[in-house]
Amino acid sequence: MSKPISYDPNWQEVYQPQILNAADAVKKIRPGQRIFIGTGVGEPLQLVTALTKRAVELPDTEIVHLLTFGAAPYAHRELAQYFRVNSFFIAENVRDIIQEGLGDYTPIHLSDIPRLFDSGQLPLDVALIQVTPPDKDGICSLGVSVDIVKSATANASLVIAQVNPRMPRTLGDSFIDAYDIDVLVPGEEAILEVKPPEITDTTRQIAENLSALIEDGSTLEIGLGRIPQALVSFLKDKKDLGIHTEMISDDVIELIEAGVITGARKTVDRGKVVTSFCLGTQKLYDFVDNNPTFAFHPTEYVNSPFIIHQQHKMVAINTALEVDLTGQVCADSLGAKFFSGVGGQVDFNRGASKSPGGKAIIALPSTAQGGNVSRIVVQLSPGAGVVTTRAGVFYVVTEYGVAYLHGKSVQERALALISIAHPKFRADLLRTAIEAKYLSATMSDKEGKILVGPKELRTTYLLNDGTLLNFRPIHPTDEPRMRDLFYKLSEATIYYRFMSHQKRVSRHQIQDFVYIDHRNDVTIVGTLPDAAGEEILAVGSYYLDQKTNLAEVAFVVSDKWQNHGIGTFLLKHLMRIARRNGIRGFTAEVLTDNKSMQAVVNKSNCKVSSKLSGNVYSYEMDFE
C-alpha cells in the first residue's frame, strides 16, 4: 500500500507566477556569479543539466558545493574556461579536475561552512536546490539534504528549486516556505541511489574491534563506507543506541527495526535519529519519508561540537587515509593530491572527546594498494594534510586492534600504532621509529616481537557483584599498565608471586611479560575500563618447556580483587589455551604459605602431583 501524498496536489496552480521550466530558470543566472549546488543525492540534476548547456554564456562562473553524487557535467575539462569548481569536500565526480588544478578545494570544518555564507565572507548569488512540492500551508521540505543547503538557501540572492514529488518529506528543521524560493521548477525524477559498498574481511575485523568500544546507551556518529556497513552486524546485541550523525545510509534501518537504535538514553533529542543528509537506496528514502523517528537538521546544529559533547557516551567514528606514529591523522589527501575533505571529522572528534563517557575514534585498514603500502607510517607522506592533530587523537583502530593515544608519550604512541600495523610492516616501522628517535635504541632487540595475541584468546568473567571483567592477551602497550599493577600490590602478594621481597620491578622484567609469541609464552590480563583506557587487575602467564611439553604457570591478582574467583577462572582459561596449543600440562612453584594458590591448583580438575622442597611446593598438573 503506497503512502498518501504529503503535498498539495494543486501546488502548480497556486504558485503559477513562480514556475518556470529548467531552461528558462537558469537564464536568470548572469556571468561571473557564484552558484551553490545542493548536496549529495539532493543535487538538482535537471537544473544542473540546464546550467551546463549555458556554459558558453556564463564565463567566470564559480560553482560551490559540499559533495555531490552522480554526474557533474560542469566539472569537465573543456568547460573549465567557463565554470570554476570550488568544493568543500571532493567527491569522485570532481576529483580529477581538482587534482589537475582546474578546480579548487576549500579545506574547512563542516560546522564552519554556514558561517561563511551567513557572514558574507563567501557571498552566494544563486542557490540551485531540490525540494518536495509545497504542502497546503506552502511549506516545502529539503528532503534528503538539509546540511549546508538550508544556510545557502537563506543567504543566496536567487534561489531556484527543482520541485520533485519523489523527494522524501523529511522532518525536523528541514523546511522552507515556497515563497522564500524565487523560482519553482517542476522536475520529477528518481532520487539518486548509492548502493551499499562491499564488505571485506578487513573491514569486518575493523568493525568487530570497533563494536567492543561501543557500550549500551551510546550515541553514534557513523558515515558512509565499508566500515559502517560492516559494523551493523556487530551491534545487534547492543541496547538503546542513539544516532547523532551528519549522514545516514541504509545501515540504520536494520538496527532501528531490530530495536537496537532507540535513542532512549540520548541526552539531547531523545528518541530521535538526528542527521543532516542521507545517502542510500530507495528503501532508505521510503523509510525516512514523513517518519517522525528522524530529525533532519542543518549542519550548524548537527556538527556543532557544543551540541555533540552534550550527548552522554557520544562515540564518533571517522576514517583516515594515513596515520603517523605520533598520532597525526591525514584524511583529505594522498600526499599532496587532494582526495576528499576535512568534513566533520574534527567537529565530531572534539565533541565526542568532551562527552561524558564519550569516545573519539579514527578507523582505517592497516594497508593500501592491495596490501603493498602501510597506512601506519613513521611520517606522513610529503604534502599530506593533517586533519586531526596529534594532540587531538584518541582511539585509532585497524583490523589488528585498538591503540589509545590520548595523553600518551610519543614512545607509547609509536609502540601502540606499530602493534596495530600490518605484521609485515612492523619490523621496518620499529627500525625507522628508532632512527627518528621516537623510540629508544634499546628497543632494537624487540624487532619481530611486537605481536598482538589472537582474538580467540579473549573472554569475559562476570563477578557475583555484577562486575564484568575482560580478559585478553597482553599487548605491547601494556608496559605502563603492568608497572602500575606491580606498585599497587601488597608486600605479601609480591612475595607470593615472585618469591622475593623486591621493592621495584625492572623494565626488563615487564618486557618479558609484554613481548611474547602468544604460543610458547602466553600472558593473559584481566582488565576493567578506566579514564585512560583500561586498568589491569590480574595477570596470568605460562612459559613452555619444549623438552617436556609442560608449561610453567603463574598469576597474580590485585589485592583489591582477590577472593572473587578470578585466579581460578584465569587458570582454567590458560588451560584451555594450552590444550589448544597441544601442551600436555602445567607446572607451578608455590610457597607453602600461599594457601589460596594451592587451593586454586587443587581445584584445577587436572591430575595433580606435588613435591615439597623447603618451603616450596612443586606442582605438576597433567591435563590428561
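The values are calculated or read from the model by the stated rules, or taken from the named source; none is laboratory data. From a predicted model like this one, the values you see are computed outputs, not experimental measurements. Note: ideal-geometry Cβ built from the backbone for every residue, glycine included; neighbour counts use all protein chains shown.
Brief remarks on what is shown
- Taking the criterion of being crowded, with 22+ Cβ neighbours inside 10 Å and within 35 Å of the chain's Cα centre (by Cα), the residues of the stretch 176-194 that qualify are 176, 191.
So that you can scan it fast, the table gives a plain yes or no per residue for (1) touching a His at 6+ places or on another chain (Cβ under 6 Å); (2) under 27 Å from residue 428 (Cα atoms):
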| residue | (1), (2) |
| --- | --- |
| 343 | no, no |
| 352 | no, no |
| 359 | no, no |
| 366 | yes, yes |
| 375 | no, yes |
| 381 | no, yes |
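- Residue, farthest from the chain's Cα centre (by Cα), within the stretch 500-519, restricted to residues that are outside any helix (DSSP H, G or I) and within 19 Å of residue 570 (Cβ to Cβ): 519
- For first residues located in the stretch 148-166 and within 14 Å of residue 180 (Cα to Cα), partners that are acidic (Asp, Glu) and lie 6+ apart or on another chain with Cβ distances below 6 Å form the pairs 157/125; 158/182; 159/182.
- Every residue from the stretch 382-419 that is surrounded by fewer than 17 Cβ atoms within 10 Å (Cβ to Cβ) and among the hydroxyl-bearing types (Ser, Thr, Tyr): 389, 409
- Out of 173, 177, 182, one residue alone is touching a Leu at 6+ places or on another chain (Cβ under 6 Å), of a type in the set (Asp, Glu) and modelled with pLDDT of 95 or more. It is 182.
- The listed residue being surrounded by fewer than 17 Cβ atoms within 10 Å (Cβ to Cβ), among the basic types (Lys, Arg), assigned by TED's automatic domain parsing to the domain that holds residue 91 and within 29 Å of residue 279 (Cβ to Cβ), out of 77, 34: 77
- Residue check, residue 484 under 17 Å from residue 401 (Cα atoms) and outside any strand (DSSP E or B): no
- Qualifying residue in the stretch 156-165 (condition: in contact with a helix residue (DSSP H, G or I) (Cβ under 8 Å, 6 or more places away or on another chain), more than 30 Å from residue 230 (Cβ to Cβ) and either of a type outside the set (A, V, I, L, M, F, W, C) or not assigned by TED's automatic domain parsing to the domain that holds residue 58 (or both)): yes
- Single residue of the stretch 368-403 satisfying the filter (without any contact (Cβ under 8 Å) to a residue 60 or more places away in the chain and among the β-branched types (Val, Ile, Thr)) that is nearest to residue 436 (Cα to Cα): 377
- Restricting attention to the stretch 428-473, the residues being of a type in the set (Gly, Ala, Ser) and outside any helix (DSSP H, G or I) number 5.
- For the stretch 409-442, a tally of residues being of a type outside the set (D, E, K, R) and more than 27 Å from the chain's Cα centre (by Cα) returns 7.
- Residues of the stretch 579-603 that are closer than 12 Å to residue 619 by Cα and of a type in the set (S, T, N, Q): 587, 592, 598, 602.
- Of all residues in the stretch 226-236, those satisfying the criterion of being more than 30 Å from residue 48 (Cβ to Cβ) and part of a helix (DSSP H, G or I) are 227, 230, 231, 232, 233, 234.
- Tally of residues being in a strand (DSSP E or B), in contact with a Leu (Cβ under 7 Å, 6 or more places away or on another chain) and surrounded by fewer than 17 Cβ atoms within 10 Å (Cβ to Cβ) across the stretch 545-586: 0
- Taking each residue of the stretch 458-472 that is farther than 14 Å from residue 568 by Cα and looking for partners that are surrounded by 15 or more Cβ atoms within 10 Å (Cβ to Cβ) and among the charged types (D, E, K, R) with beta-carbon atoms closer than 6 Å, six or more apart or interchain, yields 458/472.
- Which listed residue, of 547, 488, is over 19 Å from residue 620 (Cα atoms) and among the basic types (Lys, Arg): 488
- When the stretch 109-152 is limited to residues that are of a type in the set (Ser, Thr, Tyr) and crowded, with 22+ Cβ neighbours inside 10 Å, the one that is nearest to residue 346 (Cα to Cα) turns out to be 111.
- Cβ-Cβ distances below 9 Å connect the following pairs, each with a first residue in the stretch 14-42 that is without any contact (Cβ under 8 Å) to a residue 40 or more places away in the chain and at positive phi, a second residue that is β-branched (Val, Ile, Thr) and crowded, with 19+ Cβ neighbours inside 10 Å, and a separation of six or more residues or different chains: 32/61.
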